[in-house]
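See structure below.
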Amino acid sequence: MLLSRRIMIYTDTQTPTAESAEIPNASTGPRTEAGKAVSSRNAVKHNLCAKRLTGSDLEEFKALRTQLEDEWEPQTETERLLLDQMALCQWRIDRALSLELNAFDDDHLDPALLALALRYRTTAEHGFYKALAELQRLRASIRQDAIRQQKTEDRKYQANLTAALDYLCSAPIGAPPPHQFVSQNQNPAADTEPRSTVS
């Protein structure tokens, strides 16, 4: 019985569209894409919870991202993703700091705004340093892999060099080196000539 009364009350009320149709020149909201973009930010106070950055916020993020890329010169997609994360966290840190300053406006303290700003800044700093540590760990791992690979190549080169030197020291004089082409059309009489030996 109570449920049906609620439905009846809801269906008896006029919808905003019906009300605006009855009032001439009533605003129906922005119609152009530019107007919609502006009005979508009417309630934005700090943009720290935004799912997508736009306008000047996006430009600030891109500037931070460019600075980090110039500094780190990423070589892999993982490094680029970590730099994106660091840039976004740094953007949030900067925005939270400006929010902290707003908490002290007009010579009075807004404790709720200050607590919110500190929470956002702490979370952003944690995210920044976590991404930075992961990037440094990844760089160290890549460097260690390169060192190990270089050592393996050096060992192979040293082994080949040692084998070549051993052969040259123990091979008879005038014998061809290993894997060298030997003509099959040699003069058999040349083999009967005595060879001089060097002592």
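Please treat every number below as a calculation from the coordinates, not as lab data. What you see is a predicted model; the values in this text were computed from it and never measured. Reconstructed Cβ throughout: ideal geometry from the backbone, glycine too, with neighbour counts over all protein chains shown.
Using 0.36 nm per residue, how much length does the chain from residue 107 to residue 142 gain when fully extended, once their Cα-Cα distance is taken away?
Numbers: separation 35, 0.36 × 35 = 12.60 nm, distance 5.24 nm.
Result: 7.4 nm gained on full extension.
Report the gain in length on full extension from residue 167 to residue 53: 0.36 nm times residue separation, minus Cα-Cα distance, nm rounded to one decimal. Please report the intermediate quantities before stating the final value.
On the way: separation 114, 0.36 × 114 = 41.04 nm, distance 6.89 nm.
Here the segment from residue 167 to residue 53 would lengthen by 34.2 nm.
Take peptides 135-148, 63-76, 85-98 and line them up by average Cβ neighbours within 10 Å, highest first, as a rough protection proxy. Before the final figure, lay out each step's value.
Details: 135-148: 11.9, 63-76: 13.7, 85-98: 18.8.
Top of the packing list down: 85-98, 63-76, 135-148.
Take the Cβ-Cβ distance between residue 80 and residue 118 as r, set R0 to 35 Å, and report the resulting FRET efficiency rounded to the nearest 0.05.
Numbers: r = 31 Å, r/R0 = 0.87.
My answer for the efficiency is 0.70.
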